[in-house]
1. What residue, of 62, 78, is of a type in the set (Val, Ile, Thr) and over 18 Å from residue 94 (Cα atoms)?
2. With the structure loaded, tell me whether residue 14 is among the small types (Gly, Ala, Ser), assigned to a helix (DSSP H, G or I) and either open to solvent by 50 Å² or more (accessible area, probe 1.4 Å) or without any contact (Cβ under 8 Å) to a residue 40 or more places away in the chain (or both) or whether it fails that test.
3. Please work out if residue 48 is surrounded by 13 or more Cβ atoms within 10 Å (Cβ to Cβ), at pLDDT 95 or above and either in contact with a Ser or Thr (Cβ under 8 Å, 6 or more places away or on another chain) or among the β-branched types (Val, Ile, Thr) (or both).
Amino acid sequence: MNSRRHRATGRIPADRLDIERTTLHVLPPEPPAFALGEERVVSSDRTISFNAVRYSTSPGYTSARVWCRVVGEELSITARTNPGDLSEIWRHQLSVPG
């Protein structure tokens, strides 16, 4: 599949990849912190505060560091689920204080 000449470039993609690989760099093992959102710590009642609104989290995350970010009209809460693994643990509709 990558051994045929590309119609637009006239080059073989597999050959081009060998050349381009020399300029690529290794990705870091974890995404940059700003990509995860704003950091919060889960309180003893299993909630976090985001924009003056309390949001619940899954059981088992009390005192854990989590990251919150707005995705459209929702709040996505991401946490470390296993060593080295980050996963979305909860999603809420955005709310207003009060």
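1. Of the residues listed, the single one that is of a type in the set (Val, Ile, Thr) and over 18 Å from residue 94 (Cα atoms) is 62.
2. Yes.
3. yes
Conditions (1) part of a strand (DSSP E or B); (2) surrounded by 10 or more Cβ atoms within 10 Å (Cβ to Cβ); (3) among the aliphatic types (A, V, I, L, M), marked per residue:
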| residue | (1), (2), (3) |
| --- | --- |
| 6 | no, yes, no |
| 9 | no, no, no |
| 25 | no, no, no |
| 29 | no, no, no |
| 44 | no, no, no |
| 61 | no, yes, no |
| 66 | yes, yes, yes |
| 79 | yes, yes, yes |
| 95 | no, yes, no |
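The values are calculated or read from the model by the stated rules, or taken from the named source; none is laboratory data. Not measured: the values here are computed from a predicted model. Every residue, glycine among them, receives a Cβ derived from its backbone with ideal geometry; neighbour counts consider all protein chains shown. Accessible surface is based on the protein model in full, side chains and every heavy atom, while ligands, DNA and RNA are left aside. Shrake-Rupley method; radii C 1.70, N 1.55, O 1.52, S 1.80 Å.
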